[in-house]
Amino acid sequence: MELSGVWKSYGATEVLRDVNLAVKEGDFISIRGKSGAGKTTLLKIIGLLETPDRGEVKLFGRAVNGLRDDEVSELRLHHIGFMFQFFNLIPSLTVLENIELPLALAGVGGYERRRRARELLEYFGLTNLAERFPETLSGGERQRIAIIRALANSPKIILADEPASSIDDENSQLLMELLNKINKEIKATIILTTTDLYERLPTNRDFILKDGRLIER
């Protein structure tokens with residue numbers, strides 16, 4: 001994935017200013033910055049949920065700026081997994097059904113959806129949660145299920161927006177170990193954001209977003 005000369009404003013407020021970022025397969029990247037620095041906007045542009053005012057976005061060597069909406073949706077659905085700050089699990093669905101959801105959207109049949117969802121739960125040692133509902137889970141459990149759901153369609157890129165902000169320190173450490181495992185064993189490229197400017201993270205590249213500009217540390 002590559003961003004070249006990306007700018008983004010909301011009204012008179014410039015959020016991103018001439019941002020350049022080249023991400024290689026297998027990278028594990030952190031983007032640090034204070035609340036309101038534009039980290040979520042940057043992730044949304046990377047994840048094709050928003051378009052920049054200026055600049056170019058390439059995914060797998062392909063410029064996405066001129067693609068049709070259905071082509072962008074297809075790329076997003078099959079190649080990008082999202083983890084949100086507040087989990088975004090569907091409360092009326094079981095853990096298993098939440099994990100199946102991206103697969104259903106991709107048109108995968110019921111038997112194969114359940115097989116894949118159970119396989120992921122088993123891989124991460126969480127099969128005991130399959131029939132539970134989100135409200136019965138701890139914050140750490142919800143975040144781990146959100147990660148597994150992000151992996152359902154075997155995405156090449158996982159975007160994690162402040163994934164540790166809603167959990168305690170112990171679960172935050174477990175979360176980072178899990179993301180590191182996903183990066184090393186499943187070979188997913190991961191980009192995560194955090195407001196912590198000094199936390200030690202298992203990333204191989206580290207950036208600061210400040211005053212709309214992205215700087216590698």
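What follows draws every value from the coordinates through simple rules; no lab data is involved. Everything numeric in this text was worked out from a predicted model, so none of it was measured. Every residue, glycine among them, receives a Cβ derived from its backbone with ideal geometry; neighbour counts consider all protein chains shown.
Overview of results
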quantity	calculated
Most positive-pole-ward Cα, F84, I186, L129, against dipole of the chain from beta carbon charges	I186
Low-density loop cleavage sites - chymotrypsin sites (Phe, Trp or Tyr not before Pro) in the range 43-104, where at most 14 other Cβ are within 10 Å (DSSP)	F60, F86
Compactness of the range 45-129, expressed as Rg and Dmax over alpha-carbon positions, Å	15.8, 48
Y111/S35 FRET efficiency (R0 30 Å; Cβ-Cβ; nearest 0.05)	0.10
Normalised contact order of the range 2-216, rounded percent, pairs of Cα under 8 Å and 6 or more residues apart	33 percent
Added length on full extension, which subtracts the Cα-Cα distance from 0.36 nm per residue, L101 to K44	18.5 nm
Per-pair calculated FRET efficiency, R0 = 30 Å: R68 and L93 via Cβ, rounded to 0.05	0.45
Length gained when the stretch N204-L77 is fully extended (0.36 nm per residue, less Cα-Cα span)	43.1 nm
Amide H partners (placed H, <5 Å) of R132, local residues excluded	V95, L96
The chain, helix-only ellipticity at 222 nm - DSSP H runs n ≥ 4, -39,500 (n - 2.57), divided by all residues, nearest 500	-10000 deg cm²/dmol
Theoretical gain in end-to-end length, D53 to W7 [0.36 nm per residue, Cα-Cα removed]	16.0 nm
Two-decimal ratio, the chain, of alpha-carbon radius of gyration to 2.2 N^0.38 Å	1.01
Mean-position separation - Cα centroids, the range 27-48 and the range 114-130, in angstrom	29 Å
